[in-house]
Amino acid sequence: MRNTLILAAFLSFLLNLKISDSVIFKMTNVECLSHNKSWVRINTCRLKAINRFKVVFNFNATLFYPTPDIKVTYRFFKKENGYKPWLINVEIDSCRFLKKPYNAVGIMVYNFFRNFTNANHTCPLYDELIVKNMYLTTEPFKGLPWPTGEYLFSLRWKFFGKPQFDTNVSFQFVEDLL
């Protein structure tokens with residue numbers, strides 16, 4: 001009986017423990033590549049360490065022409081002797097998504113950077129595309145099991161069906177409950 005009470009107390013402690021208290025969730029590397037410099041020029045693409053556990057991402061690109069047809073492919077890779085495809089490979093129509101979000105993965109990804117970007121209006125997108133001081137939080141992961149490890153999040157941006165630029169963000173997710 002005593003062991004059951006101890007187990008119940010321990011489980012209630014774990015359930016009441018905030019995920020952010022026991023998680024290291026930070027970006028470790030970023031790479032941006034423009035495939036068509038006559039359409040997109042990447043001005044800034046870098047990480048800046050704020051402290052040991054917080055890294056911010058700054059991105060600035062110039063879109064030279066108004067673009068009403070944008071598709072984005074989201075891909076997650078997990079590091080296992082090199083980066084291996086892992087679970088998510090989704091292409092969404094960004095213009096349709098910005099009008100009315102329709103994809104669960106897209107909503108999760110958009111929730112990460114929605115408060116840090118100027119890409120929060122419907123198409124056409126043009127001029128400057130900015131992400132400023134974006135950092136990772138565990139809010140979009142509430143209730144989702146996410147394994148500890150190193151990941152690569154790849155975005156391929158296509159305008160009119162042709163790849164224009166890639167943004168690859170490596171991040172680390174370490175859950176330490178002990």
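A few notes on this one:
- Selection over region 67-87 of residues that are within 15 Å of the chain's Cα centre (by Cα) and either loosely packed, with under 14 Cβ neighbours inside 10 Å or acidic (Asp, Glu) (or both) gives a count of 1.
- Looking only at residues of region 52-73 that are at pLDDT below 90 and part of a strand (DSSP E or B), we find that the one that is farthest from Asn118 (Cα to Cα) is Lys54.
- Within region 129-149, considering residues that are at pLDDT 80 or above and under 13 Å from the mean Cα position of the chain (by Cα), the one surrounded by the fewest Cβ atoms within 10 Å (Cβ to Cβ): Thr137
- When the criteria are applied in full, Thr117 meets the requirement of being among the polar types (S, T, N, Q) and at pLDDT 90 or above.
The values are calculated or read from the model by the stated rules, or taken from the named source; none is laboratory data. Model, not experiment: these values are computed from the prediction. Cβ atoms come from the backbone with ideal geometry, glycine included; neighbour counts cover every protein chain shown.
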